[in-house]
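Remarks on the structure that follows.
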Amino acid sequence: AIGSLDGIGDITIRQRELAARAANGSLGQTQRDALDREYRALNEERDRLAGSASFGGVPLLDGSFTVSVDGRAVSLDAADTEALGLPASIGTPEGARAALDVAGRAAETLGKQQGALGTVLERFAQG
């Protein structure tokens, strides 16, 4: 699960880079389309990672995982494209600017998820 979150985080960072380039007003549509194809493929990979992350057959990144750690509930939010609020496309300057904004917030959310998952795994390792 940590590996899935790391991968999703890397994808989000790359998408932010793509969005920054696509938001540049000097790009032609052909260049923006090429960036958009990579961006969309990364959305698919994120969704695959989020959908396949599990522990003992229990899904971890679909928004349903909650566990009690030392009497405190620890939950993991869904980490797919829709849940993170990322646009489906950066094919227009407006879409690229929206993705640039949302990707920064998504990276923060994923960082918090990694901390929460680390807490859970550390507790389980202690027995």
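Structure notes:
- Any chance residue 98 is small (Gly, Ala, Ser), open to solvent by 40 Å² or more (accessible area, probe 1.4 Å) and either modelled with pLDDT under 85 or at negative phi (or both): yes
- Residue in region 12-23 that is open to solvent by 70 Å² or more (accessible area, probe 1.4 Å) and polar (S, T, N, Q) present: no
- Only residues that are among the polar types (S, T, N, Q) and either part of a loop (DSSP other than H, G, I, E, B) or over 15 Å from the mean Cα position of the chain (by Cα) (or both) were counted across region 69-90, and they come to 2.
- Residues in region 36-68 that are touching a helix residue (DSSP H, G or I) at 6+ places or on another chain (Cβ under 9 Å) and in a helix (DSSP H, G or I): 36, 38, 39, 42, 43, 44, 45, 46, 47, 49, 50, 52.
- Residue match in region 72-82 (condition: surrounded by fewer than 17 Cβ atoms within 10 Å (Cβ to Cβ) and within 16 Å of residue 42 (Cβ to Cβ)): yes
- Residue within region 46-69 that is acidic (Asp, Glu) and surrounded by fewer than 13 Cβ atoms within 10 Å (Cβ to Cβ) present: no
- Among residues of region 24-35 being part of a helix (DSSP H, G or I) and in contact (Cβ under 8 Å) with a residue 12 or more places away in the chain, the one that is most open to solvent (accessible area, probe 1.4 Å) is 33.
- Within region 76-127, the residues that satisfy the criterion of being touching a residue at least 40 places away in the same chain (Cβ under 8 Å), of a type in the set (A, V, I, L, M, F, W, C) and under 16 Å from residue 3 (Cα atoms) are 76, 79, 107, 110, 116, 117, 120, 121.
- Residue within region 110-125 that is surrounded by 14 or more Cβ atoms within 10 Å (Cβ to Cβ), farther than 14 Å from residue 13 by Cα, at pLDDT below 90 and among the basic types (Lys, Arg) present: yes
The values are calculated or read from the model by the stated rules, or taken from the named source; none is laboratory data. The model shown is predicted, which means the values in this text are computed figures rather than measured ones. All Cβ positions, even for glycine, are placed from backbone atoms using ideal geometry, and neighbour counts span all protein chains on display. To get the accessible areas, we keep the full protein, side chains included, count just its heavy atoms, and leave off ligands, DNA and RNA. Shrake-Rupley method; radii C 1.70, N 1.55, O 1.52, S 1.80 Å.
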